[in-house]
Amino acid sequence: MKLITVFGPRLDPVRQDLALHQGLTCMDNLGHIRHHSGKEHLFHRIGRDAPDVLLIDLDVFGRQPPLPLLRDCRQTFPELRVVVLQPGTLSTQKQSTLYAMQIMDILIYTPTPRGIGKLTRELLYRLFHPRTLTDILPELSEPVSEPAPAATRRRMIAVGSCCPGVGCTHLALHLACFLDPDHSVLLAELGSNPVLEQYLLHPSDRMGCTGLYEHPAFRQTQFLPAMHPSCWENHHSGFSVTLLDLGVIDTTEKEQLFSRSDLAFLVTTGSAWHMHTVLRQKELPPSCCLWINFCPERAFTDYVHILGSTFQGYYAGRYSPDPLAPDPEQQKLFRTLVKQQKLGL
């Protein structure tokens, strides 16, 4: 992916980090655009080098309004993807204007060393996960300042398994992705083999001393990784949905959490040895559904027939390898199960 950047000196660390990434090629950096010749120079470089993405920090414009240049850029190079960075805040009117130009990727950052470090990580994620119109529709249709209805009931969803490595955390992340646009979500990692801090979260994502983390892929979801000593029960009241990633249900405490959840998923795979473990389960909560990964359709039908009314619902997980981007079939399955299980979300 070829990039042209328009960054001031403040974002030099960001550009240096991008240049080290194997999948990115940083071609040119224009330090400022504050007169007409700067615009001509930028357009000449874009026409000559044919980059895939233009990264532009609105701070480099100084007092000059940036929107006319961005509009001309979109009209002259309609295939060029533009990613806008804005220090501090961005007015709703300006944001809507950028959306109207089909500039969907807008990153707001804090102009401090920590904020710029966090920006690098958000930018790397956004470059490989571009936003679409579907992603921004909730922002356009729902006022940000509108408080949640007082009568909204809080829900607890538990994800657990009988065997390790069958996809509990993967399912929990996909559920968070599905719920995030419309609901505030707390994903608490309670398994004995934690992975969130190792593979997903970064120290710069941590929110002060609360132990909670945020991630650039999510709008309203926060994470409590298992390695942090803070108890999830101290935080869950601030969220409409609490997702508990229990991993292997191997303690009495996990069994109790699994049983008292509004919806529980027992995760397994379609392999005979994993299904044999499921068949040996004797006491399951009435809210328990069976989620089967890597299961052929014919085998899934057989398992449902064998297990009968043991579970409240049966779902065959779709192959969707990106933990932060469930594919359309997986999201369609989530919409179905939310209706069937009458969660009231």
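Of everything listed in (1) out of contact with any Lys or Arg (no Cβ under 7 Å at 6 or more places or on another chain); (2) surrounded by 13 or more Cβ atoms within 10 Å (Cβ to Cβ); (3) at pLDDT below 90, the single unmet condition for L69 is (1). W291 is checked against (1) surrounded by 15 or more Cβ atoms within 10 Å (Cβ to Cβ); (2) at pLDDT below 95; (3) within 17 Å of L173 (Cβ to Cβ) and fails just one. What number does that condition carry? Every condition holds for W291 apart from (2).
Within the group H274, H236, H305, which residue is over 20 Å from the mean Cα position of the chain (by Cα) and either surrounded by 15 or more Cβ atoms within 10 Å (Cβ to Cβ) or within 30 Å of P130 (Cβ to Cβ) (or both)? Walk me through it before giving the result.
Working: H236 fails: over 20 Å from the mean Cα position of the chain (by Cα); H305 fails: either surrounded by 15 or more Cβ atoms within 10 Å (Cβ to Cβ) or within 30 Å of P130 (Cβ to Cβ) (or both).
So the residue among H274, H236, H305 that is over 20 Å from the mean Cα position of the chain (by Cα) and either surrounded by 15 or more Cβ atoms within 10 Å (Cβ to Cβ) or within 30 Å of P130 (Cβ to Cβ) (or both) is H274.
What number of residues within segment 238-296 satisfy the criterion of being hydroxyl-bearing (S, T, Y), within 18 Å of G313 (Cβ to Cβ) and out of contact with any Asp or Glu (no Cβ under 9 Å at 6 or more places or on another chain)? Matching residues across segment 238-296 total 3.
Would you confirm, using the coordinates I've provided, whether R10 is at pLDDT 85 or above and of a type outside the set (A, V, I, L, M)? Answer is yes for this residue. Is it true that R81 is among the basic types (K, R) and touching a Phe, Trp or Tyr at 6+ places or on another chain (Cβ under 7 Å)? For R81, the condition - among the basic types (K, R) and touching a Phe, Trp or Tyr at 6+ places or on another chain (Cβ under 7 Å) - is not met. The lone criterion from (1) among the small types (G, A, S); (2) at pLDDT 90 or above; (3) part of a loop (DSSP other than H, G, I, E, B) left unmet by A226 is number (2).
Among the residues here, F218 does not qualify as modelled with pLDDT of 90 or more and more than 30 Å from Q93 (Cβ to Cβ). Restricting segment 105-118 to residues that are touching a Leu at 6+ places or on another chain (Cβ under 7 Å) and buried (at least 17 other Cβ atoms within 10 Å of the Cβ), the residue that is farthest from R219 (Cα to Cα) is I116.
Test R45 against the criterion of being under 18 Å from L3 (Cβ atoms), of a type in the set (K, R), outside the structural domain of M207 (by TED's automatic domain parsing) and in a helix (DSSP H, G or I), and give yes or no. Lay out the reasoning, then the answer.
Values: under 18 Å from L3 (Cβ atoms): yes; of a type in the set (K, R): yes; outside the structural domain of M207 (by TED's automatic domain parsing): yes; in a helix (DSSP H, G or I): yes.
Yes.
Of all residues in segment 313-330, how many are without any contact (Cβ under 8 Å) to a residue 40 or more places away in the chain and not in a strand (DSSP E or B)? Selection size over segment 313-330: 7.
The set of residues from segment 159-196 being in a strand (DSSP E or B) and either within 16 Å of E255 (Cβ to Cβ) or small (G, A, S) (or both) comprises V159, G160, S161, A188.
Matching residues to (1) in contact with a Gly (Cβ under 7 Å, 6 or more places away or on another chain); (2) touching a residue at least 40 places away in the same chain (Cβ under 8 Å); (3) part of a helix (DSSP H, G or I); (4) polar (S, T, N, Q):
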site	(1), (2), (3), (4)
L11	no, yes, yes, no
C26	no, no, no, no
I33	no, no, no, no
L55	no, yes, no, no
V84	no, no, no, no
Q93	no, no, yes, yes
Q102	no, no, no, yes
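The values are calculated or read from the model by the stated rules, or taken from the named source; none is laboratory data. Note that the structure is a prediction, hence the values are computed from the model and not measured. All Cβ positions, even for glycine, are placed from backbone atoms using ideal geometry, and neighbour counts span all protein chains on display.
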